[in-house]
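In what follows, a single structure is set out as structure tokens and then discussed.
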Amino acid sequence: MRTKPEEAHRRAGAAARLAGELLEWSEAGLSRRAVGRCGVPDGAEARHRARGHDAGCAAIGVPRHELACMIERADTVGAAKLLLDAVNEAIIDLASRGADWRLDTARELLGEAVERRITPAVKRPAVEGPGPAGAMPADNRVTEPVAAEERPRHTKEGPRPSGMTDATPQGRHG
């Protein structure tokens, strides 16, 4: 059975939004990893303590299991497997570098792994008013609705995106 163009567009848009959300969630973890910590979703602290750190904590600052749960819960179009493959690829690549972990490298490797599978939706502000010479500028808004971003909460370590809490220091991986 063929998919109608409208359905294909909706599914592609939903997959792109999920890819963008994955990169946002990962950014929070990467920022924590850069200072020797990892982040877990609110309410997952006890589960993380019981399971301990994993390769996701060491590579991208978010336990792989927790990130997988977040992706699977948010997936409405079957894109989770592609994104989990991207996460696994980035974790393996970063783990192979050993102690040579760098924030910019981790961000780049994860972003490239995701983009090879699904182009993430980018949240861009709408342009208001006429452009030069009175012409209206090209519409650069995301064409499908995107959830409103919450303002980051601030901690001693820097901004804290909503929904993430710090876990134990990175030095306790086992």
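The values are calculated or read from the model by the stated rules, or taken from the named source; none is laboratory data. Small disclaimer: the values here were computed from a predicted structure and weren't measured. Reconstructed Cβ throughout: ideal geometry from the backbone, glycine too, with neighbour counts over all protein chains shown. For the accessible areas, the whole protein counts, side chains as well, though only heavy atoms, and no ligand, DNA or RNA atoms are used. Shrake-Rupley method; radii C 1.70, N 1.55, O 1.52, S 1.80 Å.
At 1.4 Å probe size, with every protein chain present, just tell me what the per residue accessible area of the range 1-98 comes to in Å².
Working: 4850 Å² over 98 residues.
Value returned for the range 1-98: 49 Å² of accessible area per residue.
Spin-label point model (7 Å from Cα, Cβ direction): what's the residue 6 to residue 24 distance in nm?
About 2.7 nm separates the two model spin labels.
Under 5 Å between amide hydrogens, which residues at least 5 positions from residue 54 or on another chain qualify, with H placed 1.01 Å from N in the peptide plane?
Under 5 Å from the amide H of residue 54: 64.
Can you run phi through the Karplus equation (6.51, -1.76, 1.60; θ = phi - 60°) for the range 96-109 and list ³J(HN,Hα) in whole Hz, with x for Gly and Pro?
Once θ is set to phi - 60°, the couplings for the range 96-109 become 5, 7, x, 6, 8, 7, 9, 4, 5, 5, 4, 4, 5, 5 Hz.
If you count, for each residue, the other Cβ atoms within 10 Å and average over each peptide, how do 56-68, 6-18, 22-34 line up from highest to lowest?
Answer by packing, highest mean first, reads 56-68, 22-34, 6-18.
I need the shape label for the range 40-95. Rule: rounded when a/c is under 1.5, else prolate if a/b > b/c, else oblate, with a, b, c from the alpha carbon gyration tensor.
Note, shape of the range 40-95 comes out oblate.
Find the eigenvalues of the gyration tensor of the Cα atoms of the range 1-127, then list the square roots of 5 times those eigenvalues as equivalent ellipsoid semi-axes, largest first, in whole angstrom.
Output for the range 1-127: semi-axes of 27, 16, 14 Å.
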